[in-house]
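A.B. asks: Next up is a structure, given as structure tokens.
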Amino acid sequence: TVLSACQSGGGEVRAGEGVIGLRRGFALAGTENLVFSLWSVDDDSTAMFMKAFYLRLFDDDDVAGAFHATEVAELARWRRLEGIDGAVRRAGGFVLSR
């Protein structure tokens, strides 16, 4: 499942329960893999990240491997273009949860 909205990995922190938010609801509903963002990422960067992720995923059907390879490649690409701060802002906010 891909939560295609900014800051979709957030939620309310409750003592003894952890973070209560969308990702917990999807996990309780049985989602095996969940992709979400921790902060706002612009639409163009998100589209590039997701296109690269799905191309890799369709190639080898390994969710974790495809996500990791995409994250490494996108962070490296954006770092060359905008430095480390730009790379983290544009490609570092995506998370894969199992």
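The values are calculated or read from the model by the stated rules, or taken from the named source; none is laboratory data. Just so we're clear, the structure is a prediction, and the values are computed from it rather than from any experiment. Because the Cβ atoms are built from the backbone with ideal geometry, glycine has one as well, and the counts that use them run over all protein chains shown. Surface accessibility is based on the protein's heavy atoms, side chains included, excluding ligands, DNA and RNA. Shrake-Rupley method; radii C 1.70, N 1.55, O 1.52, S 1.80 Å.
A.B. asks: Is segment 56-98 best put as rounded, prolate or oblate by its Cα gyration tensor, with a ≥ b ≥ c the root eigenvalues, rounded for a/c under 1.5, and otherwise prolate when a/b is larger than b/c, oblate when not? Walk me through the intermediate numbers first.
C.D. replies: Working: a/c = 4.13, a/b = 1.94, b/c = 2.13.
Taking the square roots of the gyration eigenvalues as a ≥ b ≥ c, segment 56-98 is oblate.
A.B. asks: Out of Val35, Val63, Val72, any idea which swings most in a Gaussian network model of the chain, alpha carbons joined below 10 Å?
C.D. replies: Val72
A.B. asks: On to the next question. Counting only protein heavy atoms and using a 1.4 Å probe, what share of the accessible area of the chain belongs to carbon plus sulfur, as a whole percent?
C.D. replies: Ligands and nucleic acids excluded, carbon and sulfur give 54 percent.
A.B. asks: Now a separate question. Looking only at segment 81-98, which residues have a backbone nitrogen under 18 Å from a spot 7 Å from the Cα of Met50 in the C-beta direction?
C.D. replies: It comes to 90-97, nothing else.
A.B. asks: Further, regarding this structure: So what is the orientation-averaged projected area of the chain, using the convex hull of its C-alpha atoms, in nm²?
C.D. replies: Averaged projected hull area, Cα only: 6.6 nm².
A.B. asks: Using only Cα atoms, tell me the angle between helix 43-60 and the longest principal axis of the chain; keep it within 0 to 90° and round to the nearest 10.
C.D. replies: 90 degrees
A.B. asks: What does the charge count near Ser97 come to, summing +1 for each Lys or Arg and -1 for each Asp or Glu among other residues with Cβ under 11 Å from its Cβ?
C.D. replies: Spelling it out: positives minus negatives among the neighbours equals +2.
A.B. asks: Turning to a different aspect of this structure: Per residue, what accessible area does the chain have, given a 1.4 Å probe and all protein chains present, in Å²? Let's see the in-between values first.
C.D. replies: Details: 6060 Å² over 98 residues.
On a per-residue basis, 62 Å².
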